[in-house]
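The values are calculated or read from the model by the stated rules, or taken from the named source; none is laboratory data. Quick caveat: nothing in here was measured; it's all calculated off a predicted structure. Don't worry about glycine lacking a Cβ; one is built from the backbone with ideal geometry, like all the others, and counts go over all protein chains shown.
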Amino acid sequence: MSDCVFCKIADGSIPADIVARGEDAVAFRDLDPKAPVHVLAIPTRHIGAVRDVSGPDGERLLGSLLRFAATVASDLGLDDRGYRLVANTGPDGGQSVFHLHVHILGGRPMGWPPG
């Protein structure tokens, strides 16, 4: 999608603090971090939100994205104390960029309930 900021980060036309790149995903530091470690993992192809994923290919993509996010969290040293993965969907869910992404949050205790 030509006007999507995350698509532009994925293709390299907008700079970002990239922490990992996979075959179908990229992870970069959030510009407005909510934790000491706050990284976003996104698929390199445009998908609006979790609700827009369907069928076996979509299920593989979601599984791959979560595995990628877990690997990034591990590489960032978050395994010992733990971390949170969050996928917001829609405005009421807190999604502000409409390109599927998973927040990787760590480096401090996470409260419950969130929000």
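Annotations for the structure displayed:
- Given (1) surrounded by fewer than 18 Cβ atoms within 10 Å (Cβ to Cβ); (2) hydrophobic (A, V, I, L, M, F, W, C); (3) under 20 Å from V86 (Cβ atoms), number of the condition V50 does not satisfy: (1)
- Restricting the range 11-56 to residues that are over 15 Å from A69 (Cα atoms) and of a type in the set (G, A, S) leaves a set whose member that is farthest from the chain's Cα centre (by Cα) is G55.
- In this entry, G111 passes the filter for residues that are surrounded by fewer than 16 Cβ atoms within 10 Å (Cβ to Cβ), in a loop (DSSP other than H, G, I, E, B) and free of Cβ contacts under 8 Å to residues at least 12 places away in the same chain.
- Breaking point among (1) of a type in the set (F, W, Y); (2) farther than 18 Å from A25 by Cβ; (3) in contact with a helix residue (DSSP H, G or I) (Cβ under 9 Å, 6 or more places away or on another chain), for W112: (3)
- Criterion: crowded, with 18+ Cβ neighbours inside 10 Å, in contact (Cβ under 8 Å) with a residue 60 or more places away in the chain and touching an Asp or Glu at 6+ places or on another chain (Cβ under 9 Å) - qualifying residue of H103, H99: H103
- Residue check, D30 surrounded by fewer than 16 Cβ atoms within 10 Å (Cβ to Cβ) and not small (G, A, S): no
- Residues of the range 46-72 classified as at negative phi and free of Cβ contacts under 8 Å to residues at least 24 places away in the same chain, total: 10
- Residues satisfying the stated conditions in the range 50-81, i.e. modelled with pLDDT under 95, small (G, A, S) and within 21 Å of G93 (Cβ to Cβ): S54, G58
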